[in-house]
Amino acid sequence: MDLRNNDGARYMPELPEVETTRRGISPYVQGRIVKQLVVRQPKLRWLIPPQLSSLIKNRKILSVERRAKYLLLRLDNGSIIIHLGMSGSLRIIDASEPPMAHDHVDFVLDDGVAMRFTDPRRFGCVLWQGASEPIHSLLASLGPEPLSLDFDGDLLYQRSRGRKAPVKTFLMDNKNVVGVGNIYANEALFAAGIKPNRASGRISRQRYQVLADQVKKVLAQAIEQGGTTLRDFVGGDGKPGYFKQALKVYGRGGKPCVICDQHLIEIRLGQRSTVYCRHCQR
């Protein structure tokens with residue numbers, strides 16, 4: 001299964017899709033005890049740690065958290081780190097349900113339910129962070145969460161000074177803010193009226209505050225609607241997201257702008273599809 005749109009760009013679950021998954025699985029796994037780990041395919045993006053089964057067996061899942069696009073299942077001795085990659089999903093099923101071709105990992109819980117990790121492309125990961133170990137390298141250099149109080153226009157303004165990179169590229173850099181992937185960067189920049197290829201260092205503090213507010217608004221709306229379904233994304237409850245119906249620019253290159261009716265422009269920035277309105281964004 002290949003997650004591409006018409007111009008060949010691959011889709012990937014972004015922050016709202018991962019948060020939707022977290023909310024979907026949390027009621028079923030939080031407080032449960034892991035009785036068995038079934039690994040059918042250990043070679044994902046990185047090898048699943050061989051000792052993972054013994055580390056988590058008979059341990060209680062204390063909480064299900066999210067950091068950027070990573071899911072963190074907290075146990076008393078550490079955390080299971082899960083990334084959905086380009087095509088991964090987590091589903092809650094009966095542990096006796098026969099696996100399909102791409103069902104690589106089952107976390108079997110004490111109530112007979114299993115959390116099943118499916119990943120056709122095998123770009124996702126299942127890793128371990130021990131409680132006494134240094135923070136995992138995948139998490140160590142991440143910026144602030146976009147929906148937190150740590151993220152605002154002042155932060156974007158300060159970090160962008162002297163930068164020549166396009167503002168969309170700057171916004172998608174996880175060192176500046178995490179989880180603002182391609183879909184939502186397009187949408188937030190349109191809502192803020194900022195041209196995506198404008199140099200990030202030439203945007204005022206006031207306009208960055210508008211952008212930060214729109215990032216929060218767009219992501220919150222997408223989470224509320226269960227994410228954006230592009231091909232085969234589904235949340236932890238197996239239901240699709242519906243934010244795709246609310247997209248104003250992403251995937252609409254050449255179509256009329258919803259505000260001014262002029263045709264939207266599509267370009268490539270950082271090898272990613274970028275759509276904007278030359279009249280409404282400057």
Might you check whether a residue that is of a type in the set (S, T, Y), at pLDDT below 95, under 30 Å from R22 (Cα atoms) and in contact with a strand residue (DSSP E or B) (Cβ under 9 Å, 6 or more places away or on another chain) occurs anywhere in the stretch 250-257? yes
Checked pairs for the stretch 47-60, first over 11 Å from L37 (Cβ atoms), second loosely packed, with under 13 Cβ neighbours inside 10 Å and modelled with pLDDT of 95 or more, C-beta under 8 Å and 6 or more apart or across chains, list as K60/D76
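Determine whether Q271 is at pLDDT below 85 and more than 18 Å from the chain's Cα centre (by Cα). Show your work before the answer.
Details: at pLDDT below 85: no; more than 18 Å from the chain's Cα centre (by Cα): yes.
Considered against the rule, which asks whether it is at pLDDT below 85 and more than 18 Å from the chain's Cα centre (by Cα), Q271 comes out as no.
Results for (1) under 18 Å from the mean Cα position of the chain (by Cα); (2) not β-branched (V, I, T), shown as yes or no for each residue.
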residue: I56; (1), (2): no, no
residue: I61; (1), (2): no, no
residue: E65; (1), (2): yes, yes
residue: K69; (1), (2): yes, yes
residue: I81; (1), (2): yes, no
residue: I93; (1), (2): no, no
residue: A101; (1), (2): no, yes
residue: D106; (1), (2): no, yes
residue: P120; (1), (2): yes, yes
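Scan the stretch 140-162 and give yes if some residue there is more than 22 Å from I82 (Cβ to Cβ) and among the hydroxyl-bearing types (S, T, Y), otherwise no. Full working, then the answer.
Within the stretch 140-162, the first condition is being more than 22 Å from I82 (Cβ to Cβ), and the residues that meet it are 149-162.
If we keep only those that are among the hydroxyl-bearing types (S, T, Y) too, we end up with 157, 160.
Within the stretch 140-162 (the criterion being more than 22 Å from I82 (Cβ to Cβ) and among the hydroxyl-bearing types (S, T, Y)), the answer is yes, since at least one residue qualifies.
Among the residues of the stretch 82-91, is any basic (K, R), in the same structural domain as G24 (by TED's automatic domain parsing) and free of Cβ contacts under 8 Å to residues at least 60 places away in the same chain?
Start the filter on the stretch 82-91 by keeping residues that are basic (K, R), which leaves 91.
Imposing the further condition that a residue be in the same structural domain as G24 (by TED's automatic domain parsing) reduces the set to 91.
Applying the additional criterion that residues be free of Cβ contacts under 8 Å to residues at least 60 places away in the same chain yields none.
For the stretch 82-91, residues basic (K, R), in the same structural domain as G24 (by TED's automatic domain parsing) and free of Cβ contacts under 8 Å to residues at least 60 places away in the same chain: absent.
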Turns out the strands (runs of 3 or more DSSP E) fully within the stretch 48-107 with at least 1 residues that are touching a Gly at 6+ places or on another chain (Cβ under 7 Å) and charged (D, E, K, R) are 89-94
Counting only residues that are farther than 20 Å from A68 by Cα and touching a residue at least 40 places away in the same chain (Cβ under 8 Å), which one in the stretch 152-174 is surrounded by the fewest Cβ atoms within 10 Å (Cβ to Cβ)? R161
Is at least one residue of the stretch 79-92 of a type in the set (G, A, S), buried (at least 20 other Cβ atoms within 10 Å of the Cβ), under 27 Å from V177 (Cβ atoms) and at pLDDT 95 or above? yes
Of the criteria (1) in contact with a strand residue (DSSP E or B) (Cβ under 7 Å, 6 or more places away or on another chain); (2) surrounded by 13 or more Cβ atoms within 10 Å (Cβ to Cβ); (3) at pLDDT 95 or above, which one N58 fails: (2)
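The values are calculated or read from the model by the stated rules, or taken from the named source; none is laboratory data. Keep in mind that what you see is a predicted model, and the values were worked out from it rather than measured. Positions of Cβ are backbone-derived with ideal geometry, glycine not excepted, and every protein chain shown enters the neighbour counts.
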